[in-house]
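**Q** Before I ask anything, here is the structure I am working with.
Values in this text are rule-based calculations from the coordinates and carry no lab data. Computed from a predicted model, the values in this text were never measured in an experiment. Cβ coordinates were reconstructed from backbone atoms using ideal geometry, including for glycine residues, and neighbour counts include every protein chain displayed.
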There are 2 protein chains.
Amino acid sequence: MTYCVGLKLNDGLVLLSDTRTNAGLDNIACYRKMYFFEEPGERVIVVMTAGSLSVTQTTLARLEEAIANEMADETTSIMQTPSMLQVATIIGDTLSRTRREILEQCRELSQQASASMIVAGQRKGGTMRMFLIYPEGNFIEATEDTPFLQIGEHKYGKPILDRVVTPATSLADAQKAVLLSMDSTLRSNLSVGMPLDLAVIERDACAVTSRRRILDGDPDFMRMSAAWSAALRESFVKVGI
Amino acid sequence: MTYCVGLKLNDGLVLLSDTRTNAGLDNIACYRKMYFFEEPGERVIVVMTAGSLSVTQTTLARLEEAIANEMADETTSIMQTPSMLQVATIIGDTLSRTRREILEQCRELSQQASASMIVAGQRKGGTMRMFLIYPEGNFIEATEDTPFLQIGEHKYGKPILDRVVTPATSLADAQKAVLLSMDSTLRSNLSVGMPLDLAVIERDACAVTSRRRILDGDPDFMRMSAAWSAALRESFVKVGI
């Protein structure tokens, strides 16, 4: 399982992913699920992935190959497209094609292979955008009404986002919100695990503003998690029925 | 969908269920999901249900028929069994048989039919017990380590239970905890809906201590929900990262 969450706010993008991958409960490993494509000042794209590792890794490898190809143009390379919408389209098409190929290979053993992605970014002269790409390659976009997108184990961490996140939320509060959302998920689902990858992209920077790996036992994260638990229990005592 | 939650505490049992039933998003109705079997002072059993309405209603009707039957004895009537374990066994067997029959009828149209239940209660001279009965008829029991059981849409409302409920929780706090757990679920999943049924059974009373239907717009529930939202937002502001 996986938990990735992205926020599209007036001030920028905030993205958080876990790193736990498992093939059964007895085969657990750590894989990055956040990928950066960046030409600072010109274009920044972040991709977060959930689902079968073979599908997501092959999709990302193909996107990178398409960028590096000598014949790359604005119809094939996500670093050359004239819009974020076309970035989402290329990634959706690549994901869908990869998934279908791998599913065909798996069919013999009746195994499943699927994946979804969150794609967020901005190119110079364009607006920030964030998409959730489905396994079939189609996608939806974050809006004013729903400024966050989630993939993987999304339920445990949704109540806090529903309550505190609006497009006007500051980037500092937004980082707190996604970390608390992840904290609830980590507590309830063993298949979501540390370390975490946290990225912030300020509006119009067209570059990654900050990027941080939060390791297991990170003192700041542990302090925040404990303070949140204590605050929740305090609130619980205060609220009357 | 459904959300039902039961707490087995040192002081008694606290049970809460929603009432929304839907066959597709365009066919929504209100059905009770909490059933009482009571001989005050002698025996009290509460059953909460999740899943296909035809399975749960037929199962309950058969349990009631078995109780009313002139030939009823301790192997067929949940009001005569010498233990709560045998209550769970009879209900599990009835549920499993009913589900299999209805599934057989549904097979022609490749439709699914399944259900699960929470069964809680006490008989005079016995201890309080609470079970989660699976569609196959087998069951698990609430323990000191995990004093709560949930059926239906359990994820949104689990973080608050994980944080505040222990066997030593008072019955007043327990009611607050299940209502806040339900509040989170109502906010995030439209297929869980008001009104709610809330029941409390004090230890060794062998009778329903209190039973309350909470209607949509109930001022106490709305006040609690608003206070909790405010307290969460306040806590969010206080916690540093």
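**Q** Could you tell me the relative contact order of the range B:125-178? Use alpha-carbon pairs under 8 Å, at least six residues apart, and round to a whole percent.
**A** Values: 35 pairs, mean separation 13.6, N = 54.
For the range B:125-178, the relative contact order is 25 percent.
**Q** Please determine, in degrees from 0 to 90 and to the nearest 10, the orientation of helix B:171-188 with respect to the longest principal axis defined by the Cα atoms of chain B, where the helix direction is its Cα long axis.
**A** Orientation of helix B:171-188: about 80 degrees from the principal axis.
**Q** Oh, and also: Using the Cα centre of the protein assembly as shown as the reference point, and only Cβ charges (+1 on K/R, -1 on D/E), how large is the resulting charge dipole? Debye, rounded to the nearest 20.
**A** I would put it at about 700 debye.
**Q** In nm, one decimal, shortest first: how far is the label point of B:Ala230 (7 Å from Cα along Cα to beta carbon) from the matching points in the other copies?
**A** Nearest first, the other copies' label points are 2.4 nm away.
**Q** Averaging sequence separations of C-alpha pairs under 8 Å and six or more residues apart, then dividing by the length of the range A:157-230, give the relative contact order as a whole percent.
**A** Relative contact order of the range A:157-230: 23 percent.
**Q** Ok, one more. Label position 7 Å from Cα toward Cβ: report the copy-to-copy distances for A:Met1 in nm, one decimal, ordered from shortest.
**A** Those separations, rounded to one decimal, come out as 1.5 nm.
**Q** Here is a follow-up. Give the relative contact order (percent, whole number) for the range A:3-234; include only Cα pairs under 8 Å separated by 6+ residues.
**A** 28 percent
**Q** Expressed in nm², what is the orientationally averaged projection area of the convex hull enclosing the Cα positions of the protein assembly as shown?
**A** Average of the hull's projected areas for the protein assembly as shown equals 25.3 nm².
**Q** Follow-up question, since we're still on this one. Output the peptides A:126-136, B:4-14 sorted from most to least packed, where packing is the average of other Cβ atoms within 10 Å over each peptide's residues.
**A** B:4-14, A:126-136
**Q** For A:Gln112, go 7 angstrom from Cα along the Cα-to-Cβ vector, then report the distances to that same point in the other copies in nm, smallest first.
**A** In nanometres, ordered from closest: 1.0.
**Q** So which residue of A has the beta-carbon closest to the axis that swings A onto B, and how many whole Å away?
**A** A:Lys155, 2
**Q** Is the range B:153-222 best put as rounded, prolate or oblate by its Cα gyration tensor, with a ≥ b ≥ c the root eigenvalues, rounded for a/c under 1.5, and otherwise prolate when a/b is larger than b/c, oblate when not?
**A** The shape class here is oblate.
**Q** Can you give me the angle between helix A:219-238 and the longest principal axis of chain A, using Cα atoms only, in degrees from 0 to 90, rounded to the nearest 10?
**A** Taking Cα atoms only, the helix is inclined about 50 degrees.
**Q** Counting other Cβ atoms within 10 Å, which GluC sites (Glu not before Pro) in the range A:60-130 have at most 11 and lie in a DSSP loop?
**A** On the way: sites: A:Glu64, A:Glu65, A:Glu70, A:Glu74, A:Glu101, A:Glu104, A:Glu108; in loops: A:Glu70, A:Glu74.
Listed in order of number, the matching sites are A:Glu70.
**Q** Could you list, in their original order, any pairs among A:Lys158/A:Lys238; A:Lys238/B:Lys158; A:Lys124/B:Lys238; A:Lys33/B:Lys8; A:Lys155/B:Lys8; B:Lys33/B:Lys238 whose Cα atoms are separated by more than 28 Å?
**A** Where the Cα-Cα span goes over 28 Å, the pairs concerned are A:Lys124/B:Lys238; A:Lys33/B:Lys8; B:Lys33/B:Lys238.
**Q** Something else: Among A:Met224, A:Gly137, A:Cys206, whose Cα sits farthest toward the positive end of the charge dipole of chain A (+1 at Cβ of Lys/Arg, -1 at Cβ of Asp/Glu, about the Cα centre)?
**A** Looking along the dipole axis, the top candidate is A:Met224.
**Q** Please identify the chymotrypsin sites (Phe, Trp or Tyr not before Pro) of the range A:1-57 that satisfy two criteria: DSSP loop assignment and at most 16 other Cβ atoms within 10 Å. Which are they?
**A** A:Tyr31
**Q** Which angle from 0 to 90°, rounded to the nearest 10, does the C-alpha axis of helix A:84-106 make with the longest principal axis of chain A?
**A** Between the helix axis and the principal axis of chain A, the angle is about 80 degrees.
**Q** Now for a different question. Work out the length of the dipole vector of the range A:26-73 about its Cα centre, built from +1 on the beta-carbon of each Lys and Arg and -1 on the beta-carbon of each Asp and Glu, and round it to the nearest 20 debye.
**A** 280 debye
**Q** Would you mind listing how long chain B runs along its three principal axes, going by Cα atoms, in whole Å with the largest first?
**A** That works out to 63, 48, 32 Å along the principal axes.
**Q** Under 5 Å between amide H atoms, partner at least 5 residues away or on a different chain: which partners does A:Thr209 have, H built in plane at 1.01 Å?
**A** Here A:Val200, A:Ile201, A:Glu202 satisfy the definition.
**Q** Using the Cα gyration tensor of the range B:1-46, with a ≥ b ≥ c the square roots of its eigenvalues, what is the shape: rounded (a/c below 1.5), prolate (a/b larger than b/c) or oblate (neither)?
**A** oblate
**Q** Rounded, prolate or oblate for the range B:99-241? Axes are the square roots of the Cα gyration tensor eigenvalues, ordered a ≥ b ≥ c, and the cut-off for rounded is a/c under 1.5. Provide the component values of the computation, followed by the final result.
**A** Working: a/c = 1.84, a/b = 1.30, b/c = 1.42.
Because a/c hits 1.5 or more and a/b fails to exceed b/c, the range B:99-241 counts as oblate.
**Q** So how do B:Leu190, A:Leu15 line up by other beta-carbon neighbours within 10 Å, fewest first? Kindly include the intermediate steps, with their values, before the conclusion.
**A** Numbers: B:Leu190 12, A:Leu15 28.
By the 10 Å Cβ count, ascending: B:Leu190, A:Leu15.
**Q** With a 10 Å Cβ neighbour count serving as the proxy for reagent exposure, in which order, fewest first, do A:Met48, A:Met34, A:Met194 appear?
**A** A:Met194, A:Met34, A:Met48
**Q** Right, another one. How long are the semi-axes of the equivalent ellipsoid of the range B:29-96, taking √(5λ) for every eigenvalue λ of the Cα gyration tensor, in whole Å from largest down?
**A** 20, 13, 11
**Q** Residue by residue through A:164-174, how many Cβ atoms from other chains fall within 10 Å of the Cβ on average?
**A** 1
**Q** Within 10 Å of each residue's Cβ, count the other Cβ atoms and sort B:Ile151, B:Ile102, B:Ile140 from fewest upward.
**A** The fewest-first ordering by Cβ neighbours comes to B:Ile140, B:Ile102, B:Ile151.
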